[in-house]
Structures are given as C-alpha cells and as structure tokens.
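Below is one structure, written out as structure tokens, with a few remarks after it.
The values are calculated or read from the model by the stated rules, or taken from the named source; none is laboratory data. No experiment lies behind these values; they were computed from the predicted model shown. Here the Cβ positions follow ideal geometry from the backbone for every residue, glycine too, while neighbour counts run over all protein chains shown. Quick note on the areas: whole protein, heavy atoms, side chains included, nothing else; ligands and nucleic acids left out. Shrake-Rupley method; radii C 1.70, N 1.55, O 1.52, S 1.80 Å.
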Number of protein chains: 2
Amino acid sequence: MSISSRFAVGIHILTLIEVNQDGVTSSNFLAGSVNTNPALIRKIMAMLKKADLIEVTPGVAGAKLAKNLNEISLYDVYRAVSVVEENELFSIHDNPNPACPVGQQIQATIEPIFIHAQSAMESVLKQVTLADVVNDMANNSST
Amino acid sequence: MSISSRFAVGIHILTLIEVNQDGVTSSNFLAGSVNTNPALIRKIMAMLKKADLIEVTPGVAGAKLAKNLNEISLYDVYRAVSVVEENELFSIHDNPNPACPVGQQIQATIEPIFIHAQSAMESVLKQVTLADVVNDMANNSST
DNA sequence: GTTACATGTAATCATCATAGTTACAGCATC
DNA sequence: GATGCTGTAACTATGATGATTACATGTAAC
C-alpha cells in the first residue's frame, strides 16, 4: 500500500507555479515537467482549485497560487487531493463477532491508537509549507 | 487509500490468542471472531509466524505467542503483515522532467519530508504494545 | 494404519483505486 | 470565427485487497 502520488504531483504543480511566476503555467506545461498527461494534471488542479489553493479560469491559460507560499502547508495539499480521508489512514475489519469479548471490543480499542498515529504523521505535514519546499529546492540546486 | 485491514486483523489475532490462553486458538476459532475465512486467517498467521510473533505447528491446532505481551509492539505487527514498506508510505511520481528545475529537484526535496512524516506515525505504533491493547480492552469492558 | 482434523498454500475471483488516455463541451482571446 | 485552453466524462490496464475453494501435508487419537 502507498499513498497516491497525487499528493507528490500536487506539490510539484504548486511549486512549479511559484517558480514559473514570470511564465504561463498551463496544464500542458505542467504535464511536461511532471511527465504525464495534461488531463491528469487538470484533474489534480481541479482539486487544488476546489480547495482554494490555486486560481484558474476556464479558457485562460495558466494558474496562479491563491495564497502566499508560506500559507500553504503540505497538509493543505494532502487534504486537497484527498489521498487519505479523515481518520481513515488505517482500515479496520468490519463486523467482528460481538459474541466474542475480543471481537466486541477490538474496534473501539484500536481506533484511537490508529487515529493517534495518523495525527502524528499529519502534524509533520502541517509543519512544512510550500515556502520550505521551494527553499529546500533552491538550496539543493545551489550545491 | 487506506492501510490494509491485515494490520487490524493481525492485532485481533494476537490479542485473542492471549485472551484465550486456556483454550485452543485455531484458525477456525479465530475466523469466527474476526468474522472471515479460516484460510485468510492462516495467511496472516503465516506472516506473524515468519516474524516470530507466534508459534504454530502444522497439523496441531492452536497458536501461542512467541514473546511476552509487552515485548510485542504494534509496530512489530505492522511490519510483520507488511501493510506498508519501509520509506514507502508516500509514493512519488516517476520520471519527472530533468530539464525542468522543479522536475529535477522535486523527488530529492520531498522524500525526506515524507520519510519524516512516516516515521512520526510509526513512532506512535512503536510506543504501543499488545499489553496496552489488552489492558485497554479490559478497562473498556469493565465500564 | 486409518480416521479425523489441523495447518500451509496455491489458485481463482470480484471489487476497488490508481494512473493513463481519448474525446469533447465550454469558454476566452485574438 | 479560429485557436487554444480548461473542465470533465468515459474508458482502459494494472495492481492490491479480501474472500473463497481446493488440496497437499502433518499430527494425534483410536
């Protein structure tokens, strides 16, 4: 199992819109950098738009960020592209046997632990903004 | 996306083996509590056995824990049933365009962040043992 | 040793998410 | 109106999951 690359592609898209501020960031251009299909890019951009992370106008080439770089966390992107639903990173088997003490209790016992683990992961994503990503990228390329 | 319920079922199996110490915990019995197929249970048990978490003998009904309850963390179970591979909770798109500065740097920039987030989640699992789960369960059922 | 029953495992199947792709309607700009 | 972009629907291939059947192998009781 792996969390969909939509998330990574979403970050890629937003980062490129920022870096390419002086140019026109069309879905075609983005597809060239991500190395995939423009239609797939537009699908993900639709999600980013719905989450108010970017601004796009039908018929008009190019996308712009809807917020400042440091106001967009990776968690925002993660939520926007809905790679993982709330409290559902881990799945628990349905209908355990209620006649068994373990079967009866297992869901209620495990769920809070799973939610705790998921939250810990998401906290890290909340602490990183696109500004950090762009900075890291600049540092890496300068070395 | 969701992490396979194999993980939750694995915890269920181990917990029931403990709680049912006085009885015989066969794959048939487990299947009844989990509410699924004995063959599926045996597949997961094979993984738990391979990870040295349980002891089972071919032809002999019943499984026993191979370690003490407090020596088995949920992370051990998680690893045993291989629901998520090391450093691969998040997937990153392949072959971004190296001619694009963002395409060239995106993987190296994002990967450490993803690994960090995954580690945070796994740390929580490392901190919880089956002893905790059994205790929680006892507390819940007493209230 | 044969019967009964358990584990181990291969093979098959339905279902679902992902990623890729084509096609086309709707809209803006020239 | 011609061009080119966005927005989507539709379809496909692929792979993981969970369920299930079937059977080989092994143990123990009789």
Practice task
Determine how large the accessible area of A:Phe29 is when every protein chain is in place; take a 1.4 Å probe and give Å² rounded to the nearest 10.
Solution key: 90 Å²
Problem - the protein assembly as shown: radius of gyration over Cα atoms, expressed as a fraction of 2.2 N^0.38 Å - result: 1.21
Exercise for the section: Counting only GluC sites (Glu not before Pro) that are in a DSSP loop and have at most 14 other C-beta atoms within 10 Å, tell me the longest site-free stretch of chain B. Expected result: B:1-84
Fill in the blank from the handout: the protein assembly as shown: antiparallel bridges as % of DSSP beta bridges, rounded to 5, reads 85 percent
Exercise for the section: Assign unit charges at the C-beta atoms only (+1 for Lys and Arg, -1 for Asp and Glu), then state the dipole size of the protein assembly as shown relative to its Cα centre in Debye, rounded to the nearest 20. Expected result: 620 debye
Practice task
Enter the Cα centre distance for the pair the stretch B:111-143 and the stretch A:80-143, rounded to the nearest angstrom.
Solution key: 12 Å
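With the full set of protein chains in place, find how many percent of the accessible area of chain B is carbon and sulfur; take the probe as 1.4 Å.
Taking all protein chains in place, chain B shows 46 percent carbon and sulfur surface.
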Fill in the blank from the handout: Listed by chain and number, the residues whose amide H is under 5 Å from that of A:Ile54, excluding neighbours fewer than 5 places away on the same chain and using placed H, are A:Lys49, A:Ala66
Exercise for the section: Over the stretch A:6-142, average the accessible area per residue using a 1.4 Å probe and give it in Å², no decimals. Expected result: 47 Å²
Fill in the blank from the handout: Note on chain A: the mean projected area of its alpha-carbon convex hull, in nm², is 10.9 nm²
Exercise for the section: Please identify which residues in the stretch B:126-143 have an amide N closer than 11 Å to a label point set 7 Å out from the Cα of A:His116, following the Cα→Cβ vector. Expected result: B:126-129, B:132-133, B:136
Fill in the blank from the handout: With every protein chain in place, the accessible area of A:His116 for a 1.4 Å probe, in Å² rounded to the nearest 10, comes to 100 Å²
Problem - For chain A, size of Cβ-based charge dipole, Lys and Arg +1, Asp and Glu -1, in debye - result: 420 debye
Practice task
Whole Å is fine, so just give me how far the alpha carbon centre of the stretch A:6-37 lies from that of the stretch B:1-40.
Solution key: 46 Å
